[in-house]
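Below is one structure, written out as structure tokens, with a few remarks after it.
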Amino acid sequence: MIELVFLGTAASAPSIQRGLPSQMILYKGERFLVDCGEGTQRQILRSGLGFRRLERVFLTHGHLDHILGLGGLISTFARWEAVEHIEIWGGRWTLERVNDLLFRVVLRGARPPVPIEMVEVRPGALLEWEMLEVSAFPVTHRGPGCFGYLFREQSRRPFLPERAEALGVPAGPERRRLVNGEAVTLADGRTILPDEVLGPERPGVAVAVTGDAARVDDLVDAVCGVDVLVCEATYLQQDVEMAQRFGHLLAAQAAWLAREADVRLLVLSHLSQRYRVGQILDEVRPIFPEVVVARDFDHFQITRERIELRYEELAEDDTLLPESAATGNVA
């Protein structure tokens, strides 16, 4: 299961209900912050997630509404000692801007409270664990070195305990070795092969976060088949000229990408204060009906069987998951 928590969903400037762009990905104890807009540290506290183990920040690009929260976050780490080190990942221009923010403005020559490692992002795989891979893909926006990120759970073959029981495989090390792809020899001399107790391979779940973008035709392959696509939707069709001028997407373009890439669920973020949620949905649903307009603190739990959304307070104009997603019937 991959979890996705929205900490800020506004575009460019915060509103009463929405903070600046940031979201957290959680997977089996690993935590990844994607973007860190102003006020992100307070949003982390309000969400109940806390700062522990928050050692990796992935930046989609270097615009201020996506990076200014790093100053406060690093300052907080100086007092709370919540992590032992922090990695900040981003394109070269993004890291140059972050370096100026942290070392020339926030720290001003002082020693960082924790070791800070700047890691330049290039397209392709960035990190890989036994069950999770994090990769980056280029995104067209204003300025160089803009990236989206893909979090993909590795495929696996499920262990079938009923078959193991029928074959007399005892619980314990023998079953663990079979899960790891090793043959085992039982006390009676029989050799049991992994294929005898493992089911067909099941693909893991995947979450893609595009960040800000000016076009989507170059993103179809990068996000193809993901379970959840997080995409900006700053403008509606009535403001197409403004979208083109500032290098942002129409909500309808995000819907087109979700449809062409055959994703399970589209989650829209980076939202302008110009529009109400209902207006956005009216433009998107005719193109791609499996859509949610994200709210701050929306918490998605994503498995192959089900996509669940946890949220305690609902505003009058908010919309929950599509019925098919909530009931686990998302194709």
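Some points to look at:
- Within the listed set Pro170, Pro203, Pro115, the residue fluctuating most in the Gaussian network model of the chain (springs between alpha-carbon atoms under 10 angstrom) is Pro170.
- Scanning the chain for GluC sites (Glu not before Pro) that sit in a DSSP loop and have at most 13 other Cβ atoms within 10 Å, the longest stretch containing none of them is 202-304.
- Using just its DSSP H runs of length 4 or more, each adding -39500 (n - 2.57), the chain gives a mean residue ellipticity at 222 nm of -6000 deg cm²/dmol after division by all residues.
- Geometric extent, Cα atoms of the chain - Rg, Dmax (angstrom): 21.7, 75
- Alpha-carbon centroids, segment 165-225 and segment 1-53: separation in whole Å: 30 Å
- Cα centre as origin, Lys/Arg/Asp/Glu Cβ charges: the chain dipole, Debye: 800 debye
- Positive-end ranking of His248, Val105, Leu281 along the dipole of the chain, with charges on Cβ about the Cα centre, is headed by Val105.
- Principal-axis tilt of helix 251-261 within the chain, Cα atoms, nearest 10 degrees: 20 degrees
- Gyration tensor (alpha-carbon) shape descriptor, segment 61-173, a/c threshold 1.5: oblate
- Along principal axes, Cα extents of segment 136-231, largest first, whole Å: 67, 20, 17
- 0 to 90° range, to nearest 10: angle between helix 69-80 axis and the chain longest Cα axis: 60 degrees
- Taking trypsin sites (Lys or Arg not before Pro) across segment 194-274, the ones in a DSSP loop with at most 16 further Cβ atoms lying within 10 angstrom of their Cβ are Arg215, Arg274.
- Amide H partners (placed H, <5 Å) of Arg56, local residues excluded: Leu33, Glu87
- DSSP-loop trypsin sites (Lys or Arg not before Pro) across segment 64-111, with at most 13 other Cβ within 10 angstrom: Arg108
Quick note: the coordinates plus some simple rules give every number you see, no bench work behind them. This is a predicted model, so every value here is computed, not measured. Heads up, the Cβs are rebuilt from the backbone with ideal geometry, glycines too, and the neighbour counts pull from every protein chain shown.
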